[in-house]
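Heads up, the thing below is written out as structure tokens.
The values are calculated or read from the model by the stated rules, or taken from the named source; none is laboratory data. As the structure is a prediction and not an experimental result, all values here were calculated from the model. All Cβ positions, glycine included, derive from the backbone under ideal geometry; neighbour counts span all protein chains shown. Accessible surface areas use protein heavy atoms only, side chains included; no ligands, DNA or RNA. Shrake-Rupley method; radii C 1.70, N 1.55, O 1.52, S 1.80 Å.
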Amino acid sequence: MEESISAPVTLTTERLVLRAPRESDIDAVFTACQDPEIQRWTVVPSPYRREDAEYFVRDLAAAGWHSGANRIWCVFERESGALVGSQGLVLRAHDPGCAEIGWWAVKEFRGRGYTTEAARAVSRYGLRELGLRRLEWQAYVGNEGSRAVAEKAGYRFEGTLRSYAEQRGVFHDAWVASLLPADLD
């Protein structure tokens with residue numbers, strides 16, 4: 001089944017709803033990204049301003065879905081409707097069939113398995129629905145929380161890339177892991 005790249009896709013799991021960011025999410029995204037740990041381990045701006053949340057929702061996510069090159073979901077707890085995090089797939093123009101997966105989690109919802117549950121849903125979508133041959137996860141060396149999620153979601157650790165991942169003008173060593181269609185449960 002071929003999908004329109006201009007139409008965002010909603011994914012659901014037992015406990016979560018993953019959908020494209022909306023205007024009504026700006027305040028929750030802004031609040032979540034005040035967390036020093038999200039700023040430490042991701043490429044979100046630091047300090048994180050309301051304008052950054054507006055850009056994330058109105059421009060980055062919307063344009064990414066429209067082009068199909070960057071699919072971003074806000075992740076919500078089904079029961080409460082609370083924002084628990086974000087997930088994204090960035091397709092690589094220079095490497096067709098490959099995409100990078102990434103995520104962040106709201107501080108109050110960490111440790112409940114939500115990020116792993118969402119990562120599994122996004123991974124299945126990428127490998128099965130989009131027909132990708134490979135998903136890659138990368139994180140700055142030391143981001144043990146993200147690494148634990150990747151491992152629980154079935155990603156296989158491949159190594160450390162030295163001075164590889166750029167964050168606000170500084171290059172960091174990065175861990176890399178991958179998931180292939182044959183790895184899905």
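Treating r as the C-beta distance of Leu130 and Glu151 and R0 as 30 Å, the FRET efficiency rounds to 0.85. Local charge sum around Ala177 (other residues, Cβ-Cβ under 15 Å, Lys/Arg +1, Asp/Glu -1)? That sum, taken over residues with Cβ under 15 Å, equals -2. Across segment 180-185, coupling constants 3J(HN,Hα) worked out from phi with the 6.51/-1.76/1.60 Karplus curve, θ = phi - 60°, read 10, x, 5, 7, 5, 7 Hz, and Gly and Pro carry x.
When the chain is treated as a GNM with alpha-carbon contacts under 10 Å, the residue of Arg134, Arg112, Arg22 showing the greatest mean-square fluctuation is Arg112.
Computed from backbone phi with θ = phi - 60° and the Karplus coefficients 6.51, -1.76 and 1.60, the 3J(HN,Hα) list for segment 124-133 is 4, 4, x, 7, 8, 6, 8, x, 5, 8 Hz; x is used for glycine and proline. Residues considered: Ala20, Ala61, Ala69. Largest GNM mean-square fluctuation over the chain, using C-alpha springs under 10 Å, is found at Ala69.
The dipole here belongs to segment 1-83: it is taken about the Cα centre, uses +1 on the Cβ of Lys and Arg and -1 on the Cβ of Asp and Glu, and is about 60 debye.
Given Cβ point charges of +1 (Lys, Arg) and -1 (Asp, Glu) and nothing else, what value in debye, to the nearest 20, does the dipole of segment 55-148 about its Cα centre take? Before the final figure, lay out the partial values.
Details: 13 positive and 10 negative charges, 36 e Å.
That gives segment 55-148 a dipole magnitude of about 180 debye.
Within a Cβ distance under 15 Å of Val44, other residues only, what is the Lys/Arg minus Asp/Glu net charge?
Working: positive: Arg40, Arg49, Arg50, Lys107, Arg168; negative: Asp25, Asp35, Glu37, Glu51, Asp52, Glu54, Asp59, Glu166.
Value of the local net charge: -3.
Only the Cβ atoms of Lys and Arg (+1) and of Asp and Glu (-1) were treated as charged; on that basis the dipole of the chain about its Cα centre amounts to roughly 200 debye.
For the chain, the solvent-accessible area of protein heavy atoms averages 52 Å² per residue (probe radius 1.4 Å; ligands and nucleic acids excluded).
Given Cα pairs under 8 Å that are at least 6 residues apart, what percent is the relative contact order of segment 3-157?
21
Pick out which of Gly97, Gly85, Gly154 has the largest mean-square fluctuation in a Gaussian network model of the chain, springs linking Cα atoms closer than 10 Å. Residue with maximal mean-square fluctuation among Gly97, Gly85, Gly154: Gly97. For the chain, the share of accessible area belonging to carbon and sulfur comes to 51 percent (1.4 Å probe, ligands and nucleic acids excluded). With contacts taken as Cα pairs under 8 Å and at least 6 residues apart, segment 16-78 reaches a relative contact order of 51 percent. Where (i) 12.1; (ii) 10.2; (iii) 11.4 are the candidate values, the label of the one calculated here for mean projected area of the Cα convex hull in nm² is (ii). In order along segment 74-81, the Karplus-derived 3J(HN,Hα) couplings, from 6.51 cos²θ - 1.76 cosθ + 1.60 at θ = phi - 60°, round to 8, 10, 10, 5, 4, 5, 9, x Hz, and Gly and Pro are given as x.
Write out the trypsin sites (Lys or Arg not before Pro) in segment 137-185 meeting two conditions: DSSP loop, and at most 10 other Cβ atoms within 10 Å of their Cβ. It would help to have the intermediate numbers written out before the result.
Values: sites: Arg147, Lys152, Arg156, Arg162, Arg168; in loops: Arg168.
Within segment 137-185, the qualifying trypsin sites (Lys or Arg not before Pro) (loop, at most 10 other Cβ atoms within 10 Å) are Arg168.
Dipole orientation for the chain: of the candidates Gly68, Leu91, Tyr155, Tyr155 has the Cα lying most toward the positive pole (charges on Cβ; Lys, Arg +1; Asp, Glu -1).
Filter the GluC sites (Glu not before Pro) in segment 124-183 down to the DSSP loop ones having no more than 16 other Cβ atoms within 10 Å, then list what survives.
Values: sites: Glu129, Glu136, Glu144, Glu151, Glu158, Glu166; in loops: none.
Filter output for segment 124-183: empty list.
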